[in-house]
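Heads up: the structure comes next, in structure tokens.
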Amino acid sequence: MAERIKGTNFNTDLFRSIIPCSSNSPPWTVPLPDFDTTLKIYQKMQTDHREIYNRYQVIIESHPNFKLIFTDASKSSHGVGYAAVSDNQRISSSLPQHCSVYTGELTAIKEALNLARTTSDANFLVVTDSLSALEGIKQLYPRNCILRGIKDMLRLLYNDKKRIKFLWVPSHTGIPGNEEADKEASRAALPSSRSVIRTPYQDLKGLIKVHITSLWQQKWNGSHSKLLAIAPDVNTRFTLPSGRRNQIIMSRLRIGHTLVTHKHIFEGTDAPVCSTCNQRLTVVHILMECPTYQNARSLNHLSNDISEVYYRSVECKQTQAHKQTPDPPPYRKPACGNKPTDGSSSYTNSLIQCSIDLTDTSGLESEVECPTDEVLFGALYRRTGCPAITGSNK
């Protein structure tokens, strides 16, 4: 395993910065501090910030003998900064870029508890705007290494006869201490504030994932797969439309294997050739290249990028699946030479309709020997009842 990791050129020195996940105190012996989340009842976007501040002042006045310590964290493109602010004391530093804001919030709280140990006060109110951090501290068996360190710190403070209480406040609501901690954390996130600090292993997962994805992308770019044109980015995720029939259609279109283009393999005949262009008949040729259907592509706003055609079509189809639509009218095959002329079909129906006859395995063989615009764009009501793609506006 070590040799395989070394072969990927991954910076294994980062593993040396992982915080050991150990605890000096049994979790059931660590006293749980008090938590005040009263301000959760206020919706920050719907409540006047003065009302929130007034309620905050009431809470502070009910703790006259408590020393306030404000904590916050901030993430930028350069890294994560954290800060603990109390009176004239300022503690701030930065974490590596791969760390999460959650790690920054927990580190700031741990620094606040360290600050509490070094002062002579007995009661402390740690004010934070991270509800997830407080929920993590409540856990009896936390997996996060920083949370375990906070638990150990709470145990030491308890032994020192110091009382700790946590208060949650909404961020950016005009609470002075919280705003000051936010500014300090933002400054610490700047590149000039870089420092080397050990981080939990959870933060390395994202970094490893990005590195592996990059290697995957390089290998994919060098492949000769036909799917490379459809999904050039390995992070592309196609959400299949609802309905088994449509899922089959989109899957066959993506791999380019349809009845019209691959029937010759089963019949032992020559590969089909487009009667208009005299080129090999493929799904890409029909949807993107053949001039016979250029007007139809324009009417239905089909993209010139085949990957966007597939992705956008599935996305639109998924949206349409949630809408109530009436039953389609019965199909009536148009007379020879007369094409359906309704050009109002949606982007998704354009591709789905076009694919119906490409993937149809029941009855198409008896109708035609080669794909024509009537087959591809005319005889579509039989399956969908949707307005067919047309090459004209009669």
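Since every read-out is calculated from the coordinates, none of them should be taken as a lab result. Remember, it's a predicted structure, so these values are computed and weren't measured experimentally. Here Cβ is always computed from backbone atoms with ideal geometry, including for glycine, and neighbour counts include all displayed protein chains.
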Once you keep just the Cα pairs under 8 angstrom separated by 6 or more residues, what percentage relative contact order results for the range 19-200?
37 percent
Hull volume in cubic angstrom per residue (convex hull over the Cα atoms of the range 19-200)
116 Å³
Can you give the Rg/Rh ratio of the range 167-247, where Rg is from the C-alpha atoms and Rh is the Kirkwood radius?
1.23
Once both labels are modelled 7 Å past Cα along the beta-carbon direction, what's the Thr239-His78 spacing in nm?
3.8 nm
With labels modelled as points extended 7 Å from the Cα through the Cβ direction, what inter-label distance (nm, one decimal) is found for Glu267 paired with Tyr158?
8.0 nm
Say the cut-off is 18 Å between C-alpha atoms; which of Lys40/Lys183; Lys67/Lys165; Lys110/Lys138; Lys110/Lys151; Lys138/Lys161 go over it?
Lys40/Lys183; Lys138/Lys161
FRET efficiency, Gln97 to Glu289 (Cβ-Cβ, R0 41 Å, nearest 0.05)
0.40
Along Cα→Cβ, 7 Å out, is where each label goes; now give me the distance between the ones at Trp216 and Gln139 in nm to one decimal.
2.5 nm
Looking only at the range 218-234, which residues have a backbone nitrogen under 17 Å from a spot 7 Å from the Cα of Ser251 in the C-beta direction?
227
